[in-house]
Each structure stands twice: as structure tokens, then as C-alpha cells.
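A short worksheet on the structure shown next.
All of the numbers you see were taken from the coordinates with simple rules; none came from a lab. Keep in mind that what you see is a predicted model, and the values were worked out from it rather than measured. All Cβ positions, even for glycine, are placed from backbone atoms using ideal geometry, and neighbour counts span all protein chains on display.
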Amino acid sequence: MSSKLNFVEYGSPKGKTVIYFHGAPGSPEECSIFDEYAKENNVNIVCYDRFASDSSLQNEAYYKKLADVIIDKANGDQVDLIGFSIGCHAAIETSLYLQGRVRNIHLISAAAPLDAAEFLDGMAGKMVFLMAMKYPAIFILLSYWQAILAKALPNVLFKMLFSSAAGEDKALSETSTFRDYMTPLLTRCFSVNVKGYIREIRQYVTPWKESIHKCSVNTQIWHGTSDNWSPISMARYLKESMPASITLNSMEGLSHYTCLYAAVPKICSQLSHT
């Protein structure tokens, strides 16, 4: 099987290689916000279009595929991993197949395993995740309906998804800059890669807390205290449960995407010194 998978790059092409795992919904261009800071710190941010990979690849085969393309890209060097939101799940799982090749992991607005604790009641996406767990056929129909909206009425889809924005994300979601940033990401995710999105969500809601206990890479967690998509209790669980050295950076008053924006320059600065 070919190890090729399309990717985007930001920052310095010859800088330290860092692999970014975008959220769900999301797409590779999500990491464009790293570009300026990555250039300043001689970091090369690489994000694979993982939702575009063969949708028949599931679970272990999927994460091994991601590990294979990362190994090819690294060309014998170590890499750092950054995960955002549900992308943190993919980053953790993939790291298990990159033994000895990962320097550090950064988890931003991290979504922890739903089988680990009673997280669902505090999550804005509770109904979507419950559908994916208990009524997968309805979840698939919902995803394809969102794909229709993404093509025909992308602004409506944006408003629906961010109607639950909390903390500083509420003000952020009302800016034209953020809408212009997010709308193409949502459109690409649902209208082009909906099968990959469905796989990602279904694998996220499947029990995976054992993977947390196997992840032995030094990890930094960046999490907003007002996040209602991935509650701060998820970050605390990860800090307590991962076996390696874990640092939790609590971002006061920030939510999901405002935490991402705030963490980017800090992470790039750290990457230039590690």
C-alpha cells in the first residue's frame, strides 16, 4: 500500500519538522495560523489531509498509515506532534506507532476519551457524539446533510456549529476574520472529505482510554478554562493519566479556538528551543 498522502506546509521549509493533526470538523489549512510564528522560530509545520485517506482504513490500520507517511517525511529525524481538539486523539494513537521518533507532543483544546469519565454532559457536541455511539446510521445521515449545507449554504453551517460558542470563542466567532478562516475549512471537511470526518468521529467515540496509558512521550497540554467543546476536566484527566512528564497550561477565560490562537505563538517559541 502506498504511503503517500497529500499535505500542506507552513513556516520554514528547512526548519524543525512538526506534524499537526487538525480538528474534526477541520482540514489541513487549519494550521495556516502557525505560518508567521513558525517562520520566526524556524519551524516547519506539516499537516496531512488525513480525512482524504482511504475510508476503508480503520483503527490500527489508519494510525499505522499516518505513522508511515510521517516516517517518510521525517527521513530518519525525530518530529514533534501537535494535536488540536479531536485531532489530539489521532496524534496520541499515531504516536504509538512512532516509537522513539517523537520528541514532544503538544495537545491543544484536547478531547479526551469518552470512556474515561462522565465528560459528555459538559460538551456542546453531546448529541452528535451520542448519535455516533448509539445511532451510527443517523449520525451518517446528519454528516451528509451537513455536507449539503457546506456546499449550498456554508454560512448557515458556520452559524449552526458556532451557536454554542462560549467564553472568548463567542466574540471570536462573530468576527469576519474568523468566519473567513473557518468557513473554507468546514466546506472542505464536509463537502470533500465527509467519509474521513465520519471515520474520525466514530473512532473518537469508540473506547480508547488504554491508548492514553501507553503514550509515554513528554506532553504539553494547552486548554481554555471556559472550553465547552472539550471541557477543562478532559485536560485534567489527561494530565493525571498519561505516564510521561505532563505540563498543563490552563488558559484563563479562553475556550476552544481562542485557546488555539493563544497557544500557537507560545508553542512555536518552545519548539525553537527544544
Subject >> Single residue of the range 128-161 satisfying the filter (among the hydroxyl-bearing types (Ser, Thr, Tyr) and within 29 Å of SER176 (Cβ to Cβ)) that is surrounded by the most Cβ atoms within 10 Å (Cβ to Cβ) >> reply: SER143
Original post:
How many residues does the range 234-274 contain that are part of a loop (DSSP other than H, G, I, E, B), without any contact (Cβ under 8 Å) to a residue 60 or more places away in the chain and not acidic (Asp, Glu)?
Top reply: 5
Subject >> Top-ranked residue of the range 13-33 - restricted to ones that are surrounded by 24 or more Cβ atoms within 10 Å (Cβ to Cβ) and hydrophobic (A, V, I, L, M, F, W, C), ranked as nearest to ARG199 (Cα to Cα) >> reply: ALA24
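Only one residue in SER269, SER255 is buried (at least 18 other Cβ atoms within 10 Å of the Cβ) and either of a type outside the set (Val, Ile, Thr) or farther than 17 Å from GLY125 by Cβ (or both). Which one?
Values: SER269 fails: buried (at least 18 other Cβ atoms within 10 Å of the Cβ).
It is SER255.
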Original post:
Restricting attention to the range 1-42, which residues are more than 19 Å from the chain's Cα centre (by Cα) and hydrophobic (A, V, I, L, M, F, W, C)?
Top reply: MET1
Original post:
Which of the following residues is in contact with a strand residue (DSSP E or B) (Cβ under 9 Å, 6 or more places away or on another chain), closer than 30 Å to ASN228 by Cα, among the aromatic types (Phe, Trp, Tyr) and surrounded by fewer than 24 Cβ atoms within 10 Å (Cβ to Cβ): TYR10, TYR62?
Top reply: TYR10
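Considering only residues of the range 27-62 that are among the polar types (S, T, N, Q) and not in a loop (DSSP other than H, G, I, E, B), which is nearest to TYR257 (Cα to Cα)?
Ranking the qualifying residues of the range 27-62, first place goes to SER32.
Pick from the range 201-233 the residues that are assigned to a loop (DSSP other than H, G, I, E, B) and of a type in the set (Gly, Ala, Ser): which of them is surrounded by the most Cβ atoms within 10 Å (Cβ to Cβ)?
SER230
May I ask you to list the residues in the range 162-177 that are of a type outside the set (Asp, Glu), under 19 Å from SER32 (Cβ atoms) and buried (at least 19 other Cβ atoms within 10 Å of the Cβ)?
PHE162, LEU172, SER173
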**OP:** Name every residue in the range 45-64 that is in contact with a helix residue (DSSP H, G or I) (Cβ under 7 Å, 6 or more places away or on another chain) and over 15 Å from GLU200 (Cβ atoms), in order of residue number.
**Re:** ILE45, VAL46
Subject >> Complete set of residues in the range 72-127 that are assigned to a helix (DSSP H, G or I) and either surrounded by fewer than 17 Cβ atoms within 10 Å (Cβ to Cβ) or free of Cβ contacts under 8 Å to residues at least 40 places away in the same chain (or both) >> reply: ASP72, ALA74, LEU120, ASP121, GLY122, LYS126, MET127
